[in-house]
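The values are calculated or read from the model by the stated rules, or taken from the named source; none is laboratory data. None of these values were measured; they are calculated from a predicted model. Cβ placement follows ideal geometry from the backbone for every residue including glycine, while neighbour counts extend to all protein chains displayed. The accessibility values were calculated without ligands, DNA or RNA, using every heavy atom of the protein model including side chains. Shrake-Rupley method; radii C 1.70, N 1.55, O 1.52, S 1.80 Å.
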Amino acid sequence: GLDLRPRQLFEHQTVRELAAAATGVDVAAERPSAVGDVALTPIQCWFVEQGHERPDHWNQTLDLDVDPETDLDALFDALEDVRLRHEQLRCRFELASNPPRQVIMDHPAPLVRRELDLAAPEQWADAVEELESSLNLSGGQLVGVLLGQRSGRPERLAVTIHHLVVDGVSWSTILEDWTAAYVARAAGRVPTLPDRSASFQQWARTLESAAHDDRYRSGRSAWRTQAHTPERDAELRRAPANSESAARTERRSIDPASTERLLSLGGGSDAAPSVEDVLLTALARSVSAWRPGRPVPVTLEGHGREEVGDPPLDVSRTVGWFTTMFPVVLDVDPDDDPADAVAAVSAQLRSIPDRGIGYGIDRYLRDDSTVDRELPVVAFNYLGQLDRVMRAAWPFTGIGELRGANGPVNRRGQLLGVVAVVRDGSLSILVEYLPEHMAAADAVALADDLTADIARLTEAAATVAPAVPSFDLLDQSDADAAQLGALLDQFD
């Protein structure tokens, strides 16, 4: 029941001091149900900035297999329990107002619910798309469910939630609470859901405070990339040709044995090359082969649930959209030895302050921001091992792929996107491209090169020595760290 952070072990080095610094966790007192206006967070501001023609149709959808014996009344009552519990699921948005508003309501708007007889399974995809286009931001209808039944018995569900209020980590919390509430409802009991973490409203306020914190202000120089977006790319990003319907996808996968070797990198050491280091090294080398030149600017996406605030706010079970987006400039020579290339990218990524969350804080929450306002048109997102995050529990008997569901007329934030995710023990790579920006043959070549290079770099990364240890409590540059390492070597 104590809230204690690793940093505090260094700051308070006796048991007496540590006991005084530790705080008790009182869920009822510190985490009330939020109602009313919530300031938009940086990633939500980015969404509004895109000016989508169909902002209501920008969702995440998850397919679920359902036990045929499921009590449907209990199932949908349990979903209402979840929507009441997590305030972002009872939000509404006024995007046309100045400034745009995000408002948490006392009770959620009516669920968008559809049903389909699975005797005609070819109609399923069209029914899911119709569901996804039915959400309504201003009316607060942010959650929709399509129930598929065969001979009057439930068999599958498609659940869609607007991306403004959900991300991959949130789905795990939603499923955990939904199954817990269902078990109670089906047994005729009042559900008791797991403890929740801080409200999204508290998170938004914490980010606003961080915008005036010198800690984040000092990292501004990292976001002046000096790798500006080519004028043609910038124009294409805003052109009608850049739309979801125009985008194409090349999909590749890596066998389970190679995936296991990749996931074993690091050995528990933060200083050793990671999975993301290898994937980004491969991306930089493949992009350089397609469009020669150095460095390679990339928009990197992170989960965004970083330690912000003093003490840091716990948002581990908070439902909402926490994604961070920030520019990274990867300087890798395609002709470098693979081990040297991985080491170089690993060092560049470790120089990013605060895991990139400061970019959005500065870019959207400060009036005097001077950071680059145009993110690179090449984007990368490693979603991790989703099959470990989201697990099926009764009455759900299986979980399908979590996918984006965006209106075909909406424009894409980036022209070339690479998404990596591990499912069923295998790494999948999706190369999403715009034909006006990249020829189909080039996209195929990039996907092939990227996949092959990941295998080569994985073997090389295992031989890379861990980087010079970093000290979070000290403000030191890479050069300082190297000097310190050299000094310590004298005493070996």
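What the table below lists for this structure:
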quantity	calculated
Test for Ala271: is it of a type in the set (A, V, I, L, M, F, W, C), assigned to a loop (DSSP other than H, G, I, E, B), at pLDDT 90 or above and open to solvent by less than 70 Å² (accessible area, probe 1.4 Å)	no
Any hit, region 336-356, residues being assigned to a strand (DSSP E or B) and farther than 30 Å from Arg85 by Cα	no
Residue match in region 52-63 (condition: of a type in the set (Asp, Glu) and without any contact (Cβ under 8 Å) to a residue 40 or more places away in the chain)	no
Answer residue from region 45-64, given it is within 15 Å of the chain's Cα centre (by Cα) and of a type outside the set (A, V, I, L, M, F, W, C) and is farthest from Leu157 (Cα to Cα) among those	Asn59
Whichever residue in region 441-464 is aliphatic (A, V, I, L, M) and open to solvent by 60 Å² or more (accessible area, probe 1.4 Å) and, among such residues, is nearest to Glu250 (Cα to Cα)	Ala441
Residue satisfying all of: in region 58-78; open to solvent by 10 Å² or more (accessible area, probe 1.4 Å) and in contact with a helix residue (DSSP H, G or I) (Cβ under 6 Å, 6 or more places away or on another chain); nearest to Leu118 (Cα to Cα) among these	Asp71
Matching entry among Ala241, Ala246, Ala257 (being at pLDDT 95 or above, over 20 Å from Ala344 (Cα atoms) and more than 22 Å from the chain's Cα centre (by Cα))	Ala246
Yes/no for Ser199 being touching a residue at least 12 places away in the same chain (Cβ under 8 Å) and under 30 Å from Arg114 (Cβ atoms)	no
Members of region 86-140 that are acidic (Asp, Glu) and either in contact with an Asp or Glu (Cβ under 7 Å, 6 or more places away or on another chain) or open to solvent by less than 40 Å² (accessible area, probe 1.4 Å) (or both)	Glu87, Glu132
Exclusive hit being open to solvent by 30 Å² or more (accessible area, probe 1.4 Å), out of contact with any His (no Cβ under 8 Å at 6 or more places or on another chain) and farther than 22 Å from Gly302 by Cβ, set Arg196, Arg205, Arg189	Arg189
Set Val145, Val159: member being under 22 Å from the mean Cα position of the chain (by Cα), open to solvent by less than 30 Å² (accessible area, probe 1.4 Å) and among the β-branched types (Val, Ile, Thr)	Val159
Residues within region 421-467 that are within 18 Å of the chain's Cα centre (by Cα) and either more than 26 Å from Ala234 (Cβ to Cβ) or free of Cβ contacts under 8 Å to residues at least 12 places away in the same chain (or both), tallied	6
Of all residues making up region 302-335, the number that are touching a residue at least 60 places away in the same chain (Cβ under 8 Å), open to solvent by less than 30 Å² (accessible area, probe 1.4 Å) and part of a loop (DSSP other than H, G, I, E, B)	10
Selection from region 336-385 of residues that are among the aliphatic types (A, V, I, L, M), open to solvent by 20 Å² or more (accessible area, probe 1.4 Å) and closer than 16 Å to Ile43 by Cβ	Leu365, Leu383
